[in-house]
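Only one structure is covered here, and it is reproduced in the block below.
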Amino acid sequence: MIETDTPILGFAAFSGTGKTTLLVKLIPLLKEKGLRIGMIKHAHHNFDIDKSGKDSYVLRKAGAEQMLIASQRRWALMVETPEQQGDPDLNELLQQLNHSKLDLVLVEGFKHVTFPKIELHRPSLGKPLLFPDDDSIMAIATEQATAVSTNIPRLDLNNPEMIADFMFNFIQQTG
């Protein structure tokens with residue numbers, strides 16, 4: 001079970017459905033509504049945000065298990081977890097955020113963890129719905145609302161304003 005005082009809302013879908021593309025459109029709309037947004041993204045593969053040759057990269061590769069880099073405008077913390085088996089724990093990741101400065105945490109991925117989620121579904125990809133097997137999915141955003149028969153809200157995947165309004169109402173109800 002996810003433990004946080006800040007409302008959390010996930011986006012679950014198969015790879016290639018457009019989660020990141022939609023989030024890039026939704027975040028500015030939510031900020032216009034006055035929400036301060038935190039974001040956690042699950043990566044399924046080895047990734048690196050450092051660029052080879054940069055000081056932070058060289059220091060981390062030299063053996064620093066935690067590498068915090070900071071400037072006047074931002075800071076980032078990289079933590080090496082070579083001993084970790086399996087996916088990261090969403091609760092542990094949530095604890096890394098400063099919740100006093102957030103109104104909403106958006107999560108991309110972690111589709112098998114139980115917390116409120118919007119499923120993105122594109123029938124043209126030929127993938128099954130996650131919804132029937134995941135009762136934490138509270139709405140389905142799809143290009144063809146008539147292609148999905150369900151009793152939970154159906155949102156237009158091509159209408160970010162509609163989805164942002166749905167999310168804002170969710171925050172108002174849970175906050």
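The values are calculated or read from the model by the stated rules, or taken from the named source; none is laboratory data. Worth saying up front: this structure is predicted, and the values here are computed from it rather than measured. Cβ: placed from backbone, ideal geometry, glycine included. Neighbour counts: every protein chain shown.
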Residue in the stretch 51-64 that is free of Cβ contacts under 8 Å to residues at least 12 places away in the same chain, touching a Lys or Arg at 6+ places or on another chain (Cβ under 9 Å) and not basic (Lys, Arg) present: yes
Residue match in the stretch 53-63 (condition: loosely packed, with under 13 Cβ neighbours inside 10 Å, touching a helix residue (DSSP H, G or I) at 6+ places or on another chain (Cβ under 7 Å) and outside the structural domain of PRO123 (by TED's automatic domain parsing)): no
Flag for GLU65 being among the acidic types (Asp, Glu) and touching a His at 6+ places or on another chain (Cβ under 7 Å): no
Matching residues in the stretch 146-167 - criterion: being more than 17 Å from THR21 (Cβ to Cβ) and surrounded by 16 or more Cβ atoms within 10 Å (Cβ to Cβ): VAL148, ARG154, PHE166
Test result for LYS33, basic (Lys, Arg) and within 28 Å of ARG122 (Cα to Cα): yes
Test set (1) within 16 Å of MET138 (Cβ to Cβ); (2) touching a His at 6+ places or on another chain (Cβ under 7 Å) - ILE8 fails condition number: (2)
Restricting the stretch 82-92 to residues that are under 14 Å from the mean Cα position of the chain (by Cα) and part of a helix (DSSP H, G or I), the residue that is surrounded by the most Cβ atoms within 10 Å (Cβ to Cβ): LEU90
Residue list for the stretch 93-108, filter: surrounded by 10 or more Cβ atoms within 10 Å (Cβ to Cβ) and free of Cβ contacts under 8 Å to residues at least 60 places away in the same chain: LEU93, GLN95, GLN96
Whichever residue in the stretch 131-143 is surrounded by 14 or more Cβ atoms within 10 Å (Cβ to Cβ) and more than 16 Å from the chain's Cα centre (by Cα) and, among such residues, is farthest from LYS25 (Cα to Cα): ASP134
